[in-house]
There are 2 protein chains.
Amino acid sequence: MEREHYDFSGNLLPYFDMRRYLGFLPIGGTYLPPPVPAITPTVSLQLGPIFGLFKLDYLQPGGSFKDRGSFVTVAKLIEEGIDEIVLDSSGNAALSMAIHSLPAGIRVHVFLPAEVVPQKLSLLIRLGTVLHFVDGDRMEAHRRAREFAEREGLAYASHWLNPYFIEGTKTIAFEAYEQADIPDYVLAPTGSGTLLLGLWKGFRELEKMGEIPELPRLIAVQASGYESLCERSNERNDLADGIAIPEPPRLEEMKRALEETNGFCVSVTTPETEEAWDWLMGAGFLVESTSAVVLAALWRLMETGEIPDGSKVLLPLTGSGLKLT
Amino acid sequence: MEREHYDFSGNLLPYFDMRRYLGFLPIGGTYLPPPVPAITPTVSLQLGPIFGLFKLDYLQPGGSFKDRGSFVTVAKLIEEGIDEIVLDSSGNAALSMAIHSLPAGIRVHVFLPAEVVPQKLSLLIRLGTVLHFVDGDRMEAHRRAREFAEREGLAYASHWLNPYFIEGTKTIAFEAYEQADIPDYVLAPTGSGTLLLGLWKGFRELEKMGEIPELPRLIAVQASGYESLCERSNERNDLADGIAIPEPPRLEEMKRALEETNGFCVSVTTPETEEAWDWLMGAGFLVESTSAVVLAALWRLMETGEIPDGSKVLLPLTGSGLKLT
């Protein structure tokens, strides 16, 4: 049973969606984009000796947890009078920023790597973003986007660097806490680190408010071949395009998040991800493959004993599988 | 601002998802399928002189409001010890029943019309449903499914007839009331009538509990060429496959829902639906085209004056557009 009436220093608002936490966001709230992120269900499932807390954060207006960050970012852009922005993305972040920016009248340039998933592309076209295709990988798209923004005098608003994005993703920690109290471990798919850093910020704020006595241990889950926190492997994980980011700009902060929570990093392969993905689909969680890395990691850590029996483990499921056709 | 603490005869549970209303559902709750439906955001937007309350009910585990009905139906099937069922569907209902049934160990037969949207098909295959293709339309799929169920001695569990489905969809009324109080009008995309009848039941229960003094007016929105409540038009609406159901089995109940709420029926064309769909996408509401019929209907009724200025109108957005690739 969930408890509903936590204190949060008396600053919760009576909404059943992310606006519940407006009092903790660095925006005035005079303009909020119409696709308001949901409070997503957290579902407990016993996984052998472990209590799995699956947070269905793919049930968001743009189909991923990134909507939390985009919602806050766009509200802030409007407050600042900015009406044209530049992003780089493998797809989800661009889709998310597009659905929040376009109703706000903000023109969105997206720099995409050559290997972008075609299904995500057609939605971006439908939504009227300005697409810039880059003959190169995800890191090259990032470099080209920043060059373009500088040359044209436009705001670079990718979640990789923008602090408002993390203000949005921190609300996952708030919700998980209200829904299922304090987990022992939190597993975060980690490429650019915006979920990891958001969770870290959220739990730290809960600690400061006196809601929780200490932080849960954060575990960064990475894709093999694209590790930045774990040692780089040779073999590449082909099922984790959402976190295939080998050189995230906030690496030092990400390391601190692990250190300060007594956490660590784990990297998973294609077959491990695939097996976990099948399990999730069979459980009725219709997610994209990147979302499966957290379960793959949990299974490994149960085997090695790094996550002990009886632990309560939060598994955010980050991206919708409805796009898989 | 939403009010959170309604009474509901003291029977609300402290969840931030559909389990909040378990006390009002005809299931024991010992088994609940893992893909728990969300409480979806309700977003107010001023539409000229009208207050539009957009309920983002496409943010559900299977991408449509139907998950509410499937969740209750499958919980009940498990209580009854049923492990194989037969459905007919144009796609959304099958996807929804599949993600709830498969983790429960229930085998799902789906009878599909020839014109099924291919994107929905590939997900059904991925989820392990048993597909039966019917050389005919939606009504023919319905007849063939019922024949098959009878011949094989299996349960026919389509939402068209099953009463548990409506018990689930009634929770949309509960949520909308908690989020935005009592609307003057509620527009429901209406083919088989499971949303219309669910809303009717939900608001009637609120009236019985003493929460609301009278029912809002229910407006059934139909697709031109497929009308059952409105007069049948010649021209067919090609953008509303979810409600292209010309002979719904519960027609008499649907008529009563309109009569008893002083409601009526309106039918919209392809161009009207398309214009409304573009508007919704531009507002950041990534929905499938069937969902747009409610806004198309509202625009028409504003023009004709049938919905007067200053009215509060609930517009449930029923299906996700993430499938459109």
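The values are calculated or read from the model by the stated rules, or taken from the named source; none is laboratory data. The structure displayed is predicted, hence computed values, not measured ones. Methodologically, a virtual Cβ is constructed for each residue, glycine included, from the backbone with ideal geometry; neighbour enumeration extends over all protein chains shown.
For the reader, a short list of remarks on this structure follows.
- Scanning the stretch B:98-123 for residues being of a type outside the set (K, R) and modelled with pLDDT of 90 or more gives a total of 14.
- Matching residues, the stretch A:133-180, being among the hydrophobic types (A, V, I, L, M, F, W, C), in contact with a helix residue (DSSP H, G or I) (Cβ under 9 Å, 6 or more places away or on another chain) and under 30 Å from B:D17 (Cβ atoms): A:F165, A:I166, A:I172, A:A173, A:F174, A:A176
- Number of the exception - B:A93 against (1) at negative phi; (2) away from every other protein chain (no Cβ under 12 Å); (3) surrounded by fewer than 22 Cβ atoms within 10 Å (Cβ to Cβ): (3)
- Taken over the stretch A:109-136, the criterion of being among the aliphatic types (A, V, I, L, M) and within 12 Å of chain B (Cβ to nearest Cβ) is satisfied by A:V117, A:L121, A:L123, A:L124, A:I125, A:L127.
- Taking the criterion of being in a loop (DSSP other than H, G, I, E, B), of a type outside the set (F, W, Y), in contact with a strand residue (DSSP E or B) (Cβ under 8 Å, 6 or more places away or on another chain) and crowded, with 19+ Cβ neighbours inside 10 Å, the residues of the stretch B:268-310 that qualify are B:A283, B:L286, B:E288, B:I307.
- Considering only residues in the stretch B:102-119 that are free of Cβ contacts under 8 Å to residues at least 40 places away in the same chain and outside any loop (DSSP other than H, G, I, E, B), the one that is farthest from the chain's Cα centre (by Cα) turns out to be B:R107.
- The residue that is nearest to A:G153 (Cα to Cα), counting only those in the stretch A:64-85 that are surrounded by 22 or more Cβ atoms within 10 Å (Cβ to Cβ), out of contact with any Ser or Thr (no Cβ under 8 Å at 6 or more places or on another chain) and of a type in the set (A, V, I, L, M), is A:A75.
- Pairs are defined by a Cβ separation below 7 Å, a sequence spacing of at least 6 or placement on different chains, a first member in the stretch B:28-49 that is closer than 22 Å to B:F174 by Cα, and a second member that is modelled with pLDDT of 95 or more and among the hydroxyl-bearing types (S, T, Y); the pairs so defined are B:A38/A:T40.
- Residues (of a type in the set (A, V, I, L, M), closer than 15 Å to B:P271 by Cα and within 14 Å of chain A (Cβ to nearest Cβ)) located in the stretch B:282-325: B:A292, B:L295
- The stretch A:23-55, residues that are at the interface with chain B (Cβ under 7 Å from one of its Cβ atoms) and either under 17 Å from the mean Cα position of the chain (by Cα) or not β-branched (V, I, T) (or both): A:P33, A:P34, A:P35, A:V36, A:A38, A:I39, A:T40, A:P41, A:L45
- All of A:P61, A:P14 fail the test of being without any contact (Cβ under 8 Å) to a residue 60 or more places away in the chain, surrounded by 23 or more Cβ atoms within 10 Å (Cβ to Cβ), facing another protein chain (nearest Cβ under 10 Å) and in a loop (DSSP other than H, G, I, E, B), apart from A:P61.
- In the condition set (1) part of a helix (DSSP H, G or I); (2) buried (at least 23 other Cβ atoms within 10 Å of the Cβ); (3) of a type outside the set (D, E); (4) without any contact (Cβ under 8 Å) to a residue 40 or more places away in the chain, A:L124 is compliant with all but (2).
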